[in-house]
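Note sheet for the following structure.
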Amino acid sequence: RLSRHAGTVLSILCVPFGEEQRMVLSRDITQFERIDTMRRDFVANVSHELKTPLTVVGGFIETLDDMFEDLSAEEARSYLKMASDQAERMKRLVEDLLELASLESRALASLEERVEIAPLLEMIEGEAQAFSAGRHAIRFESDGPVALLGSRKELHSAFLNLVTNAIRYTPEGGRIAVRWGVAVGGGARFAVEDSGIGIALEHIPRLTERFYRVDRGRSRESGGTGLGLAIVKHALSRHQASLQIESKPGQGSTFAAVFPADRVWRPVALR
Ligand code: ADP
């Protein structure tokens, strides 16, 4: 039997023994229940996220099939384009899911690589410019440590997710500043500041939950999967880094990854 009281779930087993006696075994399974609920929510979310584009793709293919003779080449091409956009969305979602799963499985690349920051920032700057396609003024500044100890792949993914989010949630003509610098206590800080739509305070604690979005429509439209910040949080916590978020609705947001001094690469002789 399960007993629920004030948020606690107990599993209670009543075993008769002897003539008139019973032994009652009780176990606190609150945590198991919580994990099970999270797992079920996650599966429901993934299914929903995949089902929507699949239904759209199916619909377009059916329309093409039914009306093939009546459609102009241009109309047919526009249906195909819409179907391929949806397929692209499903691909991104599956890629993000696989990335999250691999971060969680921990059977991963070493976290002791020397990751050079300058080439990493250069790469991210190129990707940011391509993603924005000239719609934003993007500036990169760097006066932080030359290298970190960690996984290049995971740091690239975390930093790029923060930068693409800044672009995604900043209207055309807005400003984005990416800064690599030192943090108090000898650590390092990667900060992305945007002049975008901002986030109301009550949403901030939940942003790193999988599939949590402030505005579902806007996230979808701009190609978001709802998993970006969950990936960022996992990748950063594997590097003992924290994610700091400051935002003002209508003015913009700053997302910063702060690394402890232990993660800053220093020549062996000095360590
Ligand atoms: P998504 O794929 O929807 O962008 P994320 O996990 O990356 O998913 O982000 C979760 C939500 O946080 C977004 O849907 C958006 O509402 C909000 N968000 C993230 N970054 C920003 C930002 N720079 N400015 C405003 N809102 C943001």
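Against the conditions (1) surrounded by fewer than 19 Cβ atoms within 10 Å (Cβ to Cβ); (2) more than 10 Å from the ligand (Cβ to nearest atom); (3) at pLDDT below 95; (4) of a type outside the set (A, V, I, L, M), Arg220 satisfies every one except (2). Taking the conditions exactly as written (in contact with a Lys or Arg (Cβ under 9 Å, 6 or more places away or on another chain), among the hydrophobic types (A, V, I, L, M, F, W, C) and within 13 Å of the ligand (Cβ to nearest atom)), does Ala230 satisfy them or not? So Ala230 passes the test.
For segment 1-27, the candidate set comprises residues that are within 28 Å of Arg210 (Cβ to Cβ) and loosely packed, with under 11 Cβ neighbours inside 10 Å; within that set, the residue that is modelled with the highest pLDDT is Arg4. The requirement of being more than 16 Å from Tyr169 (Cα to Cα), free of Cβ contacts under 8 Å to residues at least 60 places away in the same chain and surrounded by 13 or more Cβ atoms within 10 Å (Cβ to Cβ) is satisfied by Glu209. Checked against the criterion of being surrounded by fewer than 17 Cβ atoms within 10 Å (Cβ to Cβ) and in contact with a Phe, Trp or Tyr (Cβ under 8 Å, 6 or more places away or on another chain), segment 83-99 contains not a single residue that satisfies it. Here the condition is being farther than 29 Å from Arg238 by Cα, free of Cβ contacts under 8 Å to residues at least 40 places away in the same chain and outside any strand (DSSP E or B); of Ala118, Ala87, Ala101, it holds for Ala87 alone. The condition of being within 28 Å of Arg89 (Cβ to Cβ), buried (at least 18 other Cβ atoms within 10 Å of the Cβ) and aromatic (Phe, Trp, Tyr) holds for only one of Phe255, Phe259, that being Phe255. The residue of segment 248-271 that is farthest from His203 (Cα to Cα), among those that are touching an Asp or Glu at 6+ places or on another chain (Cβ under 9 Å) and polar (S, T, N, Q), is Thr254. Filtering segment 163-206 to residues that are closer than 18 Å to Ile138 by Cα, exposed (fewer than 14 other Cβ atoms within 10 Å of the Cβ) and among the small types (Gly, Ala, Ser) leaves only Gly173. All told, Thr37 falls short of being surrounded by 12 or more Cβ atoms within 10 Å (Cβ to Cβ), in a helix (DSSP H, G or I) and hydroxyl-bearing (Ser, Thr, Tyr). Applying the selection to segment 160-189, what residues are more than 11 Å from the ligand (Cβ to nearest atom), within 22 Å of Ser222 (Cβ to Cβ) and touching a Phe, Trp or Tyr at 6+ places or on another chain (Cβ under 6 Å)? Within segment 160-189, Val178 is the sole residue that qualifies.
Of the candidates Val268, Val264, the single residue that is surrounded by fewer than 21 Cβ atoms within 10 Å (Cβ to Cβ), away from the ligand (no atom under 12 Å from the Cβ) and modelled with pLDDT under 95 is Val268. Number of residues in segment 220-267 that are assigned to a loop (DSSP other than H, G, I, E, B) and over 22 Å from Gly174 (Cα atoms): the value is 10.
The values are calculated or read from the model by the stated rules, or taken from the named source; none is laboratory data. Quick caveat, the model's predicted, so the values are computed rather than measured. Every residue, glycine among them, receives a Cβ derived from its backbone with ideal geometry; neighbour counts consider all protein chains shown.
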